[in-house]
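The values are calculated or read from the model by the stated rules, or taken from the named source; none is laboratory data. The structure displayed is predicted, hence computed values, not measured ones. Cβ: placed from backbone, ideal geometry, glycine included. Neighbour counts: every protein chain shown.
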Amino acid sequence: MRINRLYLALVFASLVASAPAQADKRVALVIGNSAYKNAPRLANPVNDAGLVGGMFRNAGFDTVEIKLDLNASEMRRSLRDFAARTRDADMAVIYYAGHGIELDGSNYLVPTDAMLETDGDVLDETIALDRALYAVEPAKQLRLVILDACRDNPFAKTMKRTLASRAIGGGLAKVEPTSPNTMIAFAAKAGSTASDGDSRNSPFAVALTDHLPKPGLDLRKAFGFVRDDVLKKTGNKQEPYVYGSLGGSDVPLVPARPAATAGPQANPQDSVRKDYELALQAGLREAWEAFLQTYPDGFYANLARVQLKKIAAEEDRTLATEKARLAEQEKARLATERAQKAEQEKAAAAAKAAEEARIAAEKAKQIEQAKAEAAERDRKAAEAAAAKSLADKRSMEKAAAEAAAKQATDKQAADAESRKVAALSPPPSSLPPGDLAKSVQSELRRVGCLSAAPDGDWNAATQRSLTLFNKYAGTQFDAKLASIDALDALKAKPGRVCPLVCNFGFKADGDQCAKITCRAGYRVGDDNECEKIQEKKPVATREDSRRRDSDRKNAESTAPKSQASGQMICNGAGCRPVAKGCHLGPVPNANASAKITGEVCN
């Protein structure tokens, strides 16, 4: 009876020791609102809710509820039911995707049936963020609310203000949780809006599913990775932000995997060995018999049978010792009672036989003990050899991996050197150098980088053309020579690469330069655009004045003195003296209002 109790105690202790620790209870509520009745439909919240909800399920959460397109009453009921489930939970998470609104520094989640005509409707038609915080508050270790609700809100643009001092902000307002171990994650920093993305899911939701379920990763670091991903995907326009604080210990959404399963086991029969050592520690027949029932064959089964023989020899020795003791007692009793000589001789013979049996059982026990000890030494040696073999195998695998890595590195270095040499010298080509140059020139002309006809002469104009191609195509080919790589890159371009440049008086029209034609009264100006022609009046120059003076003096010197009146008359052709009998005065004309001075003769 004592042996059985000891065996049961050892078995119970082993079961308790080998049982896994009780896992924490984790619950999640996921809400995605897309089909708004009084605002444009949002494309991604329903998709994001399905993505994030699946992430929670794959992470092993005990319960995950996904609710889509909820009206006000359905949202309140879902939050109330979730609050009941968090009472015995260690971790509670709410994810909400949809419209959110900020009013006077407080945040509200917008159901699909909300009709927000005035700012006063917010209190009646929406769900306060505090209601979600209240739902996660009973959780013992972590309370997490994730809001993918910072989108540009259409209600804020049409909503009437009943008080001029009442503020309706863009995005959501900053939140400072009052409960410990509470975190609130925004898709965008307070006061800014989040992008819905160009794909099926928002950048924030995709980043969440990439980093939050990593086993053992602290939430603060996980949200840091989420921030980095979203900033990168949105060109630094959207920055997720986390409010609240946790303690000094790491708080992962998914617990770290046990170290035993992190890598390969040292021994393929590790579980058999552990059960063998447990039975060896118990040292009982029942333990070995149970082991053989589970593992009837193999190396450890043979060792278990050796241990059973050892136990059997010990039992035989104990029984023989007891028989010898009883025989001695009987012999002593008969001698004390002065029994007949025959009975005493019989008792003495029985005692002698019992003693001989005890001695034989003792020897048998020693033999089995030696066998068991030898078997244990062999077992440990075999296990050590197996461990060494495994270590050698790993070492060989590591060496092979290092050799492969070195070979790959050497190959990369050789390839880099080959590319470097190829960049400094013309690569081998199946085309003759002249044909290759002509082919490259043809392609340069096709993409608009060369205007001259291809002739196979790799001259300065062709080199400038390839330089232009490098500039506009973002390539770095050596312009000093024609290469197969440059030809392949040129052929890969479907159309014009270099911009069309036209001479003065011409403008680009598709892939052609067309002459600029201006309407009457206009001409092509310095900026290559039509401009109005400005009429210029003739301006008398100093040379014209000198020429008139000279003509006048010549006329005075050559005119007969008897015929001159002493006056001169000048016009555009020059000056001459007034004829005798004539004088300067007003000349009659059709336009009486205009006075014309000329030569008047009698």
Select from region 104-126 the residues that are touching a helix residue (DSSP H, G or I) at 6+ places or on another chain (Cβ under 8 Å) and crowded, with 22+ Cβ neighbours inside 10 Å and write down the one among them that is nearest to A28 (Cα to Cα). L109
Scanning region 414-465 for residues that are in a loop (DSSP other than H, G, I, E, B), modelled with pLDDT under 90 and polar (S, T, N, Q) gives S425, S429, S430, S451
Of all residues in region 279-321 being loosely packed, with under 15 Cβ neighbours inside 10 Å and more than 59 Å from the chain's Cα centre (by Cα), the one that is farthest from E355 (Cα to Cα): A312
Out of curiosity, is A357 farther than 21 Å from Q307 by Cα, in a helix (DSSP H, G or I) and at pLDDT 85 or above? yes
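Per-residue answers, yes or no, for (1) closer than 19 Å to G100 by Cβ; (2) at pLDDT 80 or above; (3) assigned by TED's automatic domain parsing to the domain that holds S106:
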{"residue": "G191", "(1), (2), (3)": "yes, no, yes"}
{"residue": "R200", "(1), (2), (3)": "no, yes, yes"}
{"residue": "L212", "(1), (2), (3)": "no, yes, yes"}
{"residue": "P215", "(1), (2), (3)": "no, yes, yes"}
{"residue": "K221", "(1), (2), (3)": "no, yes, yes"}
{"residue": "T234", "(1), (2), (3)": "yes, yes, yes"}
{"residue": "Y241", "(1), (2), (3)": "yes, yes, yes"}
{"residue": "P252", "(1), (2), (3)": "no, yes, no"}
N58: over 31 Å from the mean Cα position of the chain (by Cα) and of a type in the set (S, T, N, Q), yes or no? no
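Name the one entry in A72, A39, A84 that is more than 30 Å from the chain's Cα centre (by Cα) and free of Cβ contacts under 8 Å to residues at least 12 places away in the same chain.
Result of the check over A72, A39, A84: A84.
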Could we say that E397 is part of a helix (DSSP H, G or I) and assigned by TED's automatic domain parsing to the domain that holds Q307 here? no
Search result, residues across region 367-379 that are without any contact (Cβ under 8 Å) to a residue 24 or more places away in the chain and more than 60 Å from the chain's Cα centre (by Cα): A370
